[in-house]
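Data block below; observations after.
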Amino acid sequence: MSHNELVLQRLLTRRDISALLEPFGLNAAVVRADGKLFCSAGKWEETDQIEMLSIADRSLNENNGNEIIQRGNFRCYPLFGSGRRLGSLVTRSFESPSSLEKALHQSLNTVLTQTVEKREVTNEALERYREINLLYRIGETIGTSLLDAKAIPQMILDESLEAIKSDVGMV
C-alpha cells in the first residue's frame, strides 16, 4: 500500500463511523475494500457476519461494485471517495430498503467525499509549503554565502535534488 493510497481506515476512525451508525438503529456494518469488517452497529450473529462479508466481497467483485446488491435480508451499498471504491455499507433487514438505509448510505458517502477533499487540500498546502521552503533555503544560501556566480547554479541544483529526492541532476 502506497503512502497516498486511499483506504477507509486512513480516512475515518472506527469511532467516527460508529457514531454515525448508532443513531440510525439499524443492523449495519461498514466493510473495507479489502473485504474486512471495519465496524458494525446493531445485533449481528456469527453466521450473519459471514454472510455480510460474503455479500460485501461479491459487491466489490461484480460490476466494479457500483450497484446495490441484495441477497436475502442483506443489502450492500457501495461507498466511494474521490471516485474510488473504498468499501461497502451492509445492512440486514427483514423489510424492504428503508429511507434510513438510504440516508445512512448517502451520509457515509458524503463524509467520505468531504474527508478525501480535505486530504487533497492538505496535501496541496503541504506541497506549496515545501516549494516555499525550498525557495527560502536557496535565497538564504545565496544571500549569505560569498560564492562566485558559477557555483550558484550547482547549489540550486543540489537543493532541488534534495527536495525532490533525486540522485542525479544536470545544470
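List every residue pair whose Cβ atoms lie under 6 Å apart, where the two residues are 6 or more positions apart in sequence or sit on different chains, the first residue falls within region 41-62 and is under 24 Å from Arg15 (Cα atoms), and the second residue, located anywhere, is open to solvent by less than 80 Å² (accessible area, probe 1.4 Å) and part of a helix (DSSP H, G or I). Every condition considered, the pairs that remain are Ala41/Leu21. The number of residues in region 37-91 that are outside any strand (DSSP E or B) and of a type in the set (Val, Ile, Thr) comes to 4.
Close contacts from region 13-34, counting a first residue that is over 22 Å from Glu95 (Cα atoms) and a second that is among the basic types (Lys, Arg), with Cβ to Cβ under 7 Å and a gap of 6+ residues or different chains, come to Ala33/Arg85.
Could you tell me whether any residue of region 117-131 is part of a loop (DSSP other than H, G, I, E, B) and touching a residue at least 60 places away in the same chain (Cβ under 8 Å)? Within region 117-131, not a single residue is part of a loop (DSSP other than H, G, I, E, B) and touching a residue at least 60 places away in the same chain (Cβ under 8 Å).
Listed here are the residues, each with its yes/no results for (1) surrounded by fewer than 12 Cβ atoms within 10 Å (Cβ to Cβ); (2) within 22 Å of the chain's Cα centre (by Cα); (3) at pLDDT below 85.
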position: Asn4; (1), (2), (3): yes, yes, yes
position: Leu37; (1), (2), (3): no, yes, no
position: Ala41; (1), (2), (3): no, yes, no
position: Ser54; (1), (2), (3): no, no, yes
position: Pro97; (1), (2), (3): no, no, yes
position: Leu100; (1), (2), (3): no, no, no
position: Glu117; (1), (2), (3): no, yes, no
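Could you please let me know if Phe94 is assigned to a strand (DSSP E or B) and without any contact (Cβ under 8 Å) to a residue 40 or more places away in the chain? Answer is no for this residue.
Evaluating Arg14 against the criteria (1) touching a strand residue (DSSP E or B) at 6+ places or on another chain (Cβ under 7 Å); (2) modelled with pLDDT under 85 leaves one unmet condition, (2).
With respect to Gly87, determine if the residue is out of contact with any Ser or Thr (no Cβ under 9 Å at 6 or more places or on another chain) and exposed (fewer than 10 other Cβ atoms within 10 Å of the Cβ). So Gly87 does not fit the description; no.
The values are calculated or read from the model by the stated rules, or taken from the named source; none is laboratory data. As the structure is a prediction and not an experimental result, all values here were calculated from the model. Note that each Cβ is placed from the backbone with ideal geometry, even for glycine, and that neighbours are counted across all protein chains shown. For the accessible areas, the whole protein counts, side chains as well, though only heavy atoms, and no ligand, DNA or RNA atoms are used. Shrake-Rupley method; radii C 1.70, N 1.55, O 1.52, S 1.80 Å.
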